[in-house]
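As structure tokens, the structure follows; a few thoughts come after it.
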Amino acid sequence: MLPREFDAATRALAADGWCVIENLMTDVQTQALASECTAMHTSRLLMPAATGLDRALTLLRGDSTRWFESRNLSAPQQAFVDRIDALRIALSRRLLLGLVDSESQYAVYPSGAGYARHLDQLHQSDARVVSAVFYLNANWLDVEGGALRLYLADASHRDIYPRAGTLVLFLSAQFEHEVLPATRQRMSIACWMRQRAVPVGH
Ligand code: OGA
Ligand code: MN
């Protein structure tokens, strides 16, 4: 018997290709992740996703990131990975997605920074199947901006605000999306659930 906890999310992902989950982590767990992300950022452990040498890339995305190290997870990170793995396994079994693992990174956008419209695919690889973004920002107000704008197949879009505790899931290959600039710092965990990559051209 599989846990039914993620049934609604599974149905929504199957029907629409995207969904929002509000109960992945407890408030205390979310706050611990936010504190750790803030501390790591203050200690300069996050690095600009676009290097200063590449001005074109800097215009594309203004965040700084740090990967979780799977063999060296902090307690808050372990709690997150445990929950993401439970969700990954539920989605993979119900939707036959073959999701073998996941990768996660902290991302911090300074005030005014965004990430231009893009698709989550790397190096021509199809390993990323489901994109998951978990937000860490307490007391976020919509007027502060910073929405994730998800472009839907019918040319409409949905804006998801980066409030602490919100998790958004979408199929990596199908949804172009962008991060709109905010008037305050914006923190998240970007995560990808992956299948075994099939090399391009085979
Ligand atoms: C990404 C991304 C969205 C967000 O890191 O690829 O699109 O809302 N992040 O932070
Ligand atoms: Mn993305």
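What follows is calculated from the coordinates using simple rules that are stated; it is not laboratory data. Predicted model, so just to flag it, every value in this text is computed and none were measured. Using ideal geometry, Cβ is built from the backbone for each residue, glycine included, and neighbour counts are taken over all protein chains shown.
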Within the range 137-174, of all residues that are near ligand 1 (Cβ under 10 Å from one of its atoms) and either under 15 Å from Ser102 (Cβ atoms) or among the hydrophobic types (A, V, I, L, M, F, W, C) (or both), the one surrounded by the most Cβ atoms within 10 Å (Cβ to Cβ) is Phe170
Out of (1) among the polar types (S, T, N, Q); (2) away from ligand 2 (no atom under 16 Å from the Cβ); (3) in contact with a strand residue (DSSP E or B) (Cβ under 6 Å, 6 or more places away or on another chain), the odd one out for Gln78 is which? (3)
So, restricting to helices (runs of 4 or more DSSP H) that lie completely within the range 1-88, which ones have at least 2 residues that are touching a residue at least 12 places away in the same chain (Cβ under 8 Å) and away from ligand 1 (no atom under 16 Å from the Cβ)? 7-16, 27-42
When the residues of the range 158-191 are narrowed to those that are aromatic (Phe, Trp, Tyr) and not in a strand (DSSP E or B), which ends up nearest to Gly17 (Cα to Cα)? Phe175
Extreme residue, farthest from Arg194 (Cα to Cα), among residues of the range 89-118 that are outside any helix (DSSP H, G or I) and either basic (Lys, Arg) or more than 16 Å from ligand 1 (Cβ to nearest atom) (or both): Arg117
Report, ordered by the first and then the second residue, all pairs with beta carbons closer than 7 Å, sequence separation of six or more or different chains, a first member in the range 104-118 that is in contact (Cβ under 8 Å) with a residue 24 or more places away in the chain, and a second member that is among the small types (Gly, Ala, Ser) and more than 10 Å from ligand 1 (Cβ to nearest atom). Val108/Ser64; Tyr109/Gly62; Tyr109/Ala182; Pro110/Gly62; Ser111/Ala182; Ala113/Gly62; Gly114/Gly62
If you scan the range 119-157, which residues turn out to be part of a strand (DSSP E or B) and free of Cβ contacts under 8 Å to residues at least 24 places away in the same chain? His157
Being more than 30 Å from Val28 (Cβ to Cβ) and either out of contact with any helix residue (DSSP H, G or I) (no Cβ under 6 Å at 6 or more places or on another chain) or not hydrophobic (A, V, I, L, M, F, W, C) (or both) narrows Glu176, Glu144 down to just Glu176
